[in-house]
Amino acid sequence: MRTAIVTGEYYIGGETFINRHIQHLFGGDTVVVCGRFHGENPYDKAWFARREKPTTADLLTAPYWMLHNRIVHNTSRLPFGKAKRDLADFLRAQKVELILAEFGTQALAMAPIANELGLPVFTYFRGTDASKAIQTERMREAYRRMMPRLDGVFSVSQFLLDNLAKHNIRHLNSTVIPSGVDVRQFVPGQKQPFSCLAVGRFVEKKAPLTTLRSFAEATHDLPDAHLDFIGDGPLLDDAKKLANDLDATPRVSFHGSQPHAFVRGKLATAQFFLQHSITAANGNTEGLPTAIQEAMACGCVTVSTRHAGIPEAIDEGSTGWLVEEHDAAGFTAAIRRAMQAPDLPQMATRARQVAEQRFDNDVLLKKLETRIRATLA
């Protein structure tokens, strides 16, 4: 079933969940519709960039179309004029049979043209699009108007569907399918005692400073304990300064942004995975962090928060520990508890088993295909 995968940016190596759909959905019979094309096309796919420089005619008619789309759809994101005609021509020329918009915000732009062309259209909510994006009534109303245009909705966690439902944004055909992980590549290795790993951008919703401080406090008398950070972002310099202030620099390594293979290697040997996710001031949340699913596949015992879809992955006391958001003292205690747990090997084994049962992305990809086919039957 030839599918147009719709995404904001192409190609971004870190978007493993989207890239997997581009590579493998329906046997890889896919094309890409993106907002912006960054010059790399590693999967050799036909692609179309929606946000090309507008023509003079489109600039002249833009005020009309933006007002029209705001009145009808409550959003001005929709393509119009030559951009819309070119997009329609691309979808027809590529004989597209189905549209899957990665992120609800992308579906806003694609649902009306999909309806006009008689193409079934689905969307996949993943985090920001069902949290930060719906902080305004304008966007909430745009989503409400969009929902009847969709054939189905997928989400990486029940939390995101519930978050949408709080604002009366619902679709009767909604299914939770996590992004998943390649459990054949992400496997446990030889674990280093007291080794901890944190992966992600140094941004507010990841709370890296809380993670760092809690690690330092929990392991102050454990000289062999070590924390590796992978990622960059606006809080990285603050984190390095805090490590120095806490006299924790010898026990903390900042690796910056790294390729996926490097992350996989660190996960294989890490004993604990730390992630103090919180809801950012702008409402931004996780969906269900891919890094936690990868950590579980590698047999890491996770210490995290009761945030977004994380409790849907971690079985407290069995595969890890969770605390409330912003509970720094609780997070410190949970790290200490994890390091003193008498059944760590068994917990690591259970984490791996849960990943195989719930997050095998080969299984989840087939589930996605089956759900789409059943909807269209």
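Assorted remarks:
- Which listed residue, of ALA295, ALA308, ALA268, is touching a Pro at 6+ places or on another chain (Cβ under 7 Å) and in contact (Cβ under 8 Å) with a residue 60 or more places away in the chain: ALA268
- Residue match in the stretch 201-218 (condition: loosely packed, with under 14 Cβ neighbours inside 10 Å and over 18 Å from ALA334 (Cα atoms)): no
- Yes/no for THR279 being in a loop (DSSP other than H, G, I, E, B), surrounded by fewer than 23 Cβ atoms within 10 Å (Cβ to Cβ) and in contact (Cβ under 8 Å) with a residue 12 or more places away in the chain: yes
- The lone exception for LEU91 - which of (1) farther than 27 Å from ARG138 by Cβ; (2) of a type outside the set (Gly, Ala, Ser); (3) free of Cβ contacts under 8 Å to residues at least 40 places away in the same chain; (4) buried (at least 19 other Cβ atoms within 10 Å of the Cβ) it fails: (3)
- Residues that are of a type outside the set (D, E, K, R), in contact with a Leu (Cβ under 9 Å, 6 or more places away or on another chain) and not in a strand (DSSP E or B) were ranked within the stretch 121-142; the one that is nearest to VAL72 (Cα to Cα) is ALA142.
- Residue within the stretch 292-313 that is of a type in the set (S, T, N, Q), over 24 Å from the mean Cα position of the chain (by Cα), modelled with pLDDT of 95 or more and part of a helix (DSSP H, G or I) present: no
- Some residue of the stretch 252-273 being assigned to a helix (DSSP H, G or I), aliphatic (A, V, I, L, M), open to solvent by less than 60 Å² (accessible area, probe 1.4 Å) and closer than 22 Å to ASP327 by Cα: no
- Filter result (open to solvent by 70 Å² or more (accessible area, probe 1.4 Å) and not basic (Lys, Arg)) within the stretch 52-87: GLU52, THR56, LEU59, LEU60, PRO63, TYR64, TRP65, MET66, LEU67, ILE71
- Candidate set: the stretch 180-196, residues that are under 20 Å from the mean Cα position of the chain (by Cα) and part of a loop (DSSP other than H, G, I, E, B); chosen: the one surrounded by the most Cβ atoms within 10 Å (Cβ to Cβ): GLY180
- Scan of the stretch 314-335 for residues that are assigned to a helix (DSSP H, G or I) and not small (Gly, Ala, Ser), ordered by number: PHE331, THR332, ILE335
- Some residue of the stretch 316-330 being open to solvent by less than 20 Å² (accessible area, probe 1.4 Å) and out of contact with any strand residue (DSSP E or B) (no Cβ under 8 Å at 6 or more places or on another chain): no
- Failed criterion for ILE18 (all others in (1) buried (at least 16 other Cβ atoms within 10 Å of the Cβ); (2) over 24 Å from VAL181 (Cα atoms); (3) aliphatic (A, V, I, L, M) hold): (2)
The values are calculated or read from the model by the stated rules, or taken from the named source; none is laboratory data. Note that the coordinates shown come from a computational prediction; the quantities given were computed from them, not determined experimentally. No Cβ is skipped: glycine too gets one built from the backbone with ideal geometry, and neighbour counts run over all protein chains shown. Please note that ligands, DNA and RNA were not included when accessible areas were found on the heavy atoms of the full protein model with its side chains. Shrake-Rupley method; radii C 1.70, N 1.55, O 1.52, S 1.80 Å.
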